[in-house]
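Working notes, structure below.
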Amino acid sequence: MKLIDGKAVAEELKNALKQDVSEYKQKTGRVPHLAAILVGDNPASMAYVGNKVKSCEHVGFKSTLISLGSDITEEQLHEEITKLNQNPDVDGFIVQLPLPPQINEVTVTLAIDYRKDVDGFHPVNFGRMAQGLPCFLPATPYGITMLLDRYNIETAGKHVVVVGRSNIVGTPISILLSRKTKMGDATVTLAHSRTKELQKLLLQADIIIAAIGIPGFIQEDMVKQGAVVIDVGINRVEDDHHEKGSKLVGDVDFEHVKEKCSFITPVPGGVGPMTVMGLLMNTYKSANKEIYP
Ligand code: GUN
């Protein structure tokens, strides 16, 4: 078993990006600028956004955090989005999900200028991704492909089973891996809560991508010997042995599954840091007008 060290890979990529940002600054006299809107005080969202801001500092980006109360109206949020859409100094921005119940996430996603949508959630970017056109790739799937690439894990001709069909991970990664590209050419099965005989299906998988949000869902008896297991889950569970009284675990029963794998990602320190990397790469591309000249 080989551990896929997402934290170390993200660190390497950030150091390389820092160098690129320094050259960009010399050439243009400015630095790439990422903004984030955080609504409410969900502890997980606060931690994710905090990581994103810290990573911006690491690579030399400017970052702006806009924190809004959980009782904000949809209209007020749209006003903030319009300001960021129109601000020429902002290369890209994100609205951290989930949002409070009074706010429609679809409307919010549609309101973001797709040319600044560095999360890759806007249907224009999603559609362009599906057709293999230049676009901002969704940050987590982008991070996963960078990780597979870094560990020379071949995807061509492999059977990938993705578990979970969310708009931000399961569905886009299933499309990306089946495209005719370097990190694609796989045969992909997208499994979900209505899939029949999931265990039988998973036992045929060369690569499993777990993105369902259920702690420890993927068990040892669901994994073929030598499979690659990518765990996208970030679940907080109670743990009396931990000082905080809780700990983060993935969607994979790591301790039991790891012995069967050729490669496996840990949680934390696997896919998570690479999601942030995807976001930084998109922001850098936006600053360089690489996707939308
Ligand atoms: N919530 C969980 N993951 C993400 C992400 O990648 N981007 C945003 N904006 N919200 C999220």
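The values are calculated or read from the model by the stated rules, or taken from the named source; none is laboratory data. All values derive from a computational prediction rather than experimental measurement. As a convention, Cβ positions derive from the backbone with ideal geometry for all residues, glycine included, and neighbour counts pool all protein chains shown.
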### Message
For segment 217-231, which positions are of a type outside the set (D, E), closer than 11 Å to I264 by Cα and within 24 Å of the chain's Cα centre (by Cα)?
### Response
A227, V228, V229, I230
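Answer yes or no: is there a residue in segment 36-54 that is closer than 20 Å to Y292 by Cα and at pLDDT 95 or above.
The first filter runs over segment 36-54 and keeps only residues closer than 20 Å to Y292 by Cα, leaving none.
Checked segment 36-54: no residue is closer than 20 Å to Y292 by Cα and at pLDDT 95 or above.
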#### Entry: Residue selected from segment 85-99 under the condition surrounded by 13 or more Cβ atoms within 10 Å (Cβ to Cβ) and more than 13 Å from the ligand (Cβ to nearest atom), by the criterion nearest to the chain's Cα centre (by Cα)
D91
#### Entry: Members of segment 29-67 that are buried (at least 18 other Cβ atoms within 10 Å of the Cβ) and more than 22 Å from L17 (Cβ to Cβ)
I37, L38, V39
### Task
Scan segment 149-170 residue by residue and report those that are more than 17 Å from L198 (Cα to Cα) and within 16 Å of the ligand (Cβ to nearest atom).
S166, N167, I168, V169
## Note on the structure
Within segment 176-199, the residues that are over 10 Å from V163 (Cβ atoms), free of Cβ contacts under 8 Å to residues at least 40 places away in the same chain and touching a helix residue (DSSP H, G or I) at 6+ places or on another chain (Cβ under 9 Å) are L177, K182, M183, G184, D185, A186, T187, V188, Q199
### Query
Which of the residues spanning segment 123-144 are over 21 Å from V223 (Cα atoms), within 16 Å of the ligand (Cβ to nearest atom) and buried (at least 18 other Cβ atoms within 10 Å of the Cβ)?
N125, F126, M129, C135, F136, L137, P138, A139, T140, P141, Y142, G143
### Task
Identify all residues within segment 1-50 that are assigned to a helix (DSSP H, G or I) and within 16 Å of the ligand (Cβ to nearest atom); write none if there are none.
G6, A10, P43, A44, S45, M46, A47, Y48, V49, G50
### Task
Could you check I168 against (1) among the hydrophobic types (A, V, I, L, M, F, W, C); (2) over 14 Å from K260 (Cβ atoms); (3) buried (at least 23 other Cβ atoms within 10 Å of the Cβ) and say which number it fails?
(3)
### Query
Just a yes or no: is a residue in segment 177-193 surrounded by 16 or more Cβ atoms within 10 Å (Cβ to Cβ), of a type outside the set (G, A, S) and within 22 Å of Y292 (Cα to Cα)?
yes
### Exclusive hit being among the hydrophobic types (A, V, I, L, M, F, W, C), farther than 26 Å from H58 by Cα and at pLDDT 95 or above, set V257, V271
V257
### Task
Could you please tell me which pairs satisfy a Cβ distance under 7 Å, a separation of 6+ or placement on different chains, a first residue in segment 90-101 that is in contact (Cβ under 8 Å) with a residue 12 or more places away in the chain and more than 16 Å from T140 (Cα to Cα), and a second residue that is among the β-branched types (V, I, T) and more than 7 Å from the ligand (Cβ to nearest atom)?
D91/T283; G92/V118; G92/T283; L99/V39; L99/V108; P100/V39
## Note on the structure
Pairs returned, first residue in segment 1-14 that is acidic (D, E), second residue that is in a helix (DSSP H, G or I), beta-carbon separation under 7 angstrom, 6 or more apart or interchain, are none
### Task
Tell me which residues, restricted to segment 160-178, are out of contact with any Lys or Arg (no Cβ under 9 Å at 6 or more places or on another chain) and either in a helix (DSSP H, G or I) or more than 16 Å from A210 (Cβ to Cβ) (or both).
N167, G170, P172, I173, I175, L176, S178
### Task
Determine whether segment 118-127 contains at least one residue that is free of Cβ contacts under 8 Å to residues at least 40 places away in the same chain and of a type in the set (D, E, K, R).
no
### Task
Check V223, V267, V271 and return the single one that is crowded, with 20+ Cβ neighbours inside 10 Å and more than 25 Å from A44 (Cα to Cα).
V223
